[in-house]
Each structure stands twice: as C-alpha cells, then as structure tokens.
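Undergrad: Got a structure for you, written out below as structure tokens; questions coming shortly.
The values are calculated or read from the model by the stated rules, or taken from the named source; none is laboratory data. Values in this document were obtained by computation on a predicted structure and should not be read as measured data. Reconstructed Cβ throughout: ideal geometry from the backbone, glycine too, with neighbour counts over all protein chains shown. We work out accessible area using only protein heavy atoms, side chains counted, and drop any ligands, DNA or RNA first. Shrake-Rupley method; radii C 1.70, N 1.55, O 1.52, S 1.80 Å.
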Amino acid sequence: MSISSPSNSRIKRARALHDRKYRQMSGELLIEGGRSVAEALGAGAHIVSCFYTDAASGRWQSLLQELERHGAQLICVTERVMETLGDTVTPQGLVAVAAAPAEAGPSVLAEERLVLVADRISDPGNLGTMLRTAAAIGAAVVLTAGCVDFTGPKVVRSSAGAIYSIPVWSNARHAEVIGRARAEGYRLVVCDSSGPLAHYEVDLTGATAVVVGNEAHGPAPDWLAADPVFAHIPMPGRAESLNAAVAAAVVLYESLRQRRTEPC
C-alpha cells in the first residue's frame with residue numbers, strides 16, 4: 001500500500017494521535033523513528049501499523065520485515081505525507097501506530113524496588129529521558145497528576161520506546177502515593193537543593209522512592225506530609241540547579257551503585 005495524500009483517512013487517524021484525548025479514546029499512540037520502534041517491539045509493544053518512506057525502507061528493511069512478521073500493516077508514504085505524521089524538524093522516515101502500554105497502577109509500589117516519582121514534570125524531553133533512565137536502571141515510575149502525558153509523541157521519542165519496558169503509574173495523586181508508600185514500607189527521598197544530606201549520604205537501597213520535582217517549582221509541598229528524607233546533589237561549581245532528567249539520573253545511578261556494593 002502506498003499513500004501520497006495527507007488527507008487520506010489512515011493518515012488523518014494517525015495524525016490525530018498527536019492529540020491526548022484521541023490517544024486516550026483509541027488506546028493507541030505514535031512512535032517515531034526506527035530505533036524507538038525497534039526497542040518498543042523488543043519490549044513487547046503491539047505495533048498496529050507502520051508508515052515509512054522509500055528512503056527509509058532500505059535502512060530499516062530488517063525492522064520492517066520483523067514488523068510484518070508480527071502482524072503490523074506496512075504503509076509506504078511520500079516524504080510530504082511523512083512530514084505531517086512526525087513532529088521532528090527532520091522527519092526520520094518511519095512512524096508507527098502502536099497500542100498504548102498497559103499501566104501497572106499503584107502496584108508499582110507493591111514490591112521492594114527502586115521507584116522514580118516524576119512530580120509534575122512538564123517538559124516532554126525531560127520526562128522521556130527520565131523514563132529511559134528508569135528503564136536502564138530497572139526502576140518503576142510514578143507520574144504524579146500534572147505531569148506531561150507520557151504517551152505523547154515527544155515523550156515516547158525521548159524515551160526511545162522505554163515506556164513499554166517499565167511499570168508505570170500515571171496521574172497519581174500525592175496523597176495516594178504517600179499512603180501507598182507508607183503502607184508498603186517505602187523510604188521516600190525527595191530531591192531538593194536545600195536538603196541537609198547529599199544524595200550519596202542517603203540509604204538508597206531496599207524499597208526506595210526517589211522524588212524529582214517540577215523543573216520550575218521543584219517538589220510539591222505535599223511531600224512534607226510524608227516526612228521524607230530531603231537530599232541535594234552537590235554542585236560545587238556555579239550552576240544553581242540541575243536539569244530534572246539529569247538529577248534523576250544522578251540519584252538513580254547512585255542507588256544502583258549502593259545496591260551493587262552493599263554487603264551480601
């Protein structure tokens with residue numbers, strides 16, 4: 001099948017997935033770029049269809065063949081049509097429609113594990129990078145109410161498809177997270193520049209939830225009710241703050257270091 005018109009009904013339906021309400025209604029999302037599609041497929045994502053250009057077909061030939069083996073419909077489109085599907089400045093020539101991942105909900109806090117709590121993160125790139133880091137570490141993720149939608153194309157692209165390989169609880173209320181964390185015996189560690197302890201001075205082993213707050217406003221005041229550990233990341237240089245995604249990575253990898261060096 002080949003499509004050359006941006007007004008084609010299939011293209012319109014796929015393009016509508018840029019809208020959050022349509023994603024929620026359809027239960028589908030867009031994945032842009034061959035690498036992200038490959039990682040999502042490897043993590044068990046159900047790819048419904050894949051749009052690609054002639055220029056991309058050679059580079060991603062093996063991926064397209066694998067997608068077809070998994071039941072995805074392959075649809076060749078012109079460069080002009082591809083430009084309407086993607087949201088990057090330079091389209092990558094391959095965009096897939098996939099079923100959205102199933103959420104784990106509050107059960108992400110039901111096991112003794114490392115959990116990243118992304119608190120009202122507003123930048124899609126930051127959230128995508130945080131999700132990707134969590135996937136690399138093997139952590140679960142809680143997204144509090146007010147976070148940018150984790151199924152949005154920019155988040156999915158920044159996560160490189162990692163949303164399919166981690167347990168996620170989205171749109172979680174602070175009180176719900178605090179209550180569940182207490183019930184399950186979690187240590188809450190809130191990243192705050194004024195925290196009395198450096199992040200490496202905090203015990204990050206066992207059941208630990210690391211809270212990284214909004215880029216502009218930091219963690220919500222609600223966390224005070226949980227009597228958490230407030231920790232800062234030392235910055236001996238002249239920077240006043242770290243990017244939220246960088247801060248999350250620093251603390252998560254410190255947790256990994258501690259977990260690998262704790263006595264048997």
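Undergrad: What part of the accessible area of the range 19-143, given as a whole %, is carbon or sulfur when the probe is 1.4 angstrom?
TA: Answer for the range 19-143 is 46 percent, counting heavy atoms of protein chains only.
Undergrad: Once the dipole of the chain is set up with Lys and Arg at +1 and Asp and Glu at -1 on Cβ about the Cα centre, which of Val251, Tyr22, Ala139 lies farthest towards its positive end?
TA: Positive-end residue among those listed: Tyr22.
Undergrad: Could you tell me which of Leu64, Ala102, Ala118 has its Cα farthest along the dipole of the range 50-124 towards the positive end, charges placed at Cβ (Lys, Arg +1; Asp, Glu -1), taken about the Cα centre?
TA: Farthest towards the positive pole: Leu64.
Undergrad: While we're looking at this one, here's another question. Per-residue accessible area for His46 at 1.4 Å probe radius, Å² rounded to 10?
TA: Looks like 110 Å² after rounding.
Undergrad: Next question. Any idea which of Ile31, Val229, Asn8 is furthest toward the positive side of the dipole for the chain, if Lys and Arg beta-carbons carry +1 and Asp and Glu beta-carbons -1?
TA: Among Ile31, Val229, Asn8, the one farthest towards the positive end of the dipole of the chain is Asn8.
Undergrad: In whole Hz and in residue order, list the ³J(HN,Hα) couplings for the range 205-211 that follow from phi through the Karplus curve 6.51 cos²θ - 1.76 cosθ + 1.60, θ = phi - 60°; x for Gly and Pro.
TA: 9, x, 6, 10, 10, 9, 9
Undergrad: For helix 174-183, report the angle its Cα long axis makes with the longest principal axis of the Cα atoms of the chain; keep it between 0 and 90° and round to the nearest 10°.
TA: With both axes taken from Cα atoms, the answer is about 60 degrees.
Undergrad: From Cα pairs below 8 angstrom and at least 6 apart in sequence, can you work out the relative contact order of the range 98-182, rounded to a whole percent?
TA: 36
Undergrad: Could you please state, rounded to a whole Å, how far the C-alpha centre of the range 150-228 is from the C-alpha centre of the range 26-103?
TA: Centre-to-centre (Cα) distance: 31 Å.
Undergrad: Averaging sequence separations of C-alpha pairs under 8 Å and six or more residues apart, then dividing by the length of the range 156-260, give the relative contact order as a whole percent.
TA: Reported as a whole number, the value is 31 percent.
Undergrad: Same structure, new question: Roughly how many debye, to the nearest 20, is the charge dipole of the chain about its Cα centre, given +1 on each Lys and Arg Cβ, -1 on each Asp and Glu Cβ, and no other charges?
TA: Charge dipole, the chain, about its Cα centre: 600 debye, nearest 20.
Undergrad: Just for the Cα atoms in the range 1-151, what are the lengths along the principal axes, largest first, rounded to whole Å?
TA: Per principal axis, max minus min of the Cα coordinates gives 49, 29, 26 Å.
Undergrad: Let me ask something additional. Modelling each spin label as a point 7 Å along the Cα-to-Cβ direction, I'd like the Gln61/Gln73 distance in nm, to one decimal.
TA: Reported label-point gap for Gln61 and Gln73 is 2.6 nm.
Undergrad: Over the chain, with the other protein chains present, what is the accessible area per residue in square angstrom, probe 1.4 angstrom?
TA: Each residue of the chain exposes 47 Å² on average to a 1.4 Å probe.
Undergrad: Hey, another quick one. How much accessible surface does Lys12 have with a 1.4 Å probe, in Å² rounded to 10?
TA: Number for this one is 110 Å².
Undergrad: Give, rounded to the nearest 20 debye, the magnitude of the charge dipole that the range 1-122 has about its Cα centre when Lys and Arg contribute +1 at Cβ and Asp and Glu contribute -1 at Cβ.
TA: 380
Undergrad: For Thr205 and Tyr253, compute 0.36 nm times the residue count separating them, minus their Cα-Cα distance, and round to one decimal in nm.
TA: Once the chain is fully extended between Thr205 and Tyr253, it gains 16.1 nm.
Undergrad: If I take every Cα pair under 8 Å that is 6 or more residues apart in the chain, average their sequence separation and divide by the length, what percent do I get for the relative contact order?
TA: That works out to 19 percent.
Undergrad: Rank these residues by their accessible area, most exposed first, probe 1.4 Å: Cys191, Cys50.
TA: I get Cys191, Cys50, largest accessible area first.
Undergrad: Could you run the Karplus curve 6.51 cos²θ - 1.76 cosθ + 1.60 with θ = phi - 60° over the range 150-160 and give me ³J(HN,Hα) per residue in whole Hz, x for Gly and Pro?
TA: 6, 9, x, x, 5, 5, 4, 5, 5, 7, 6
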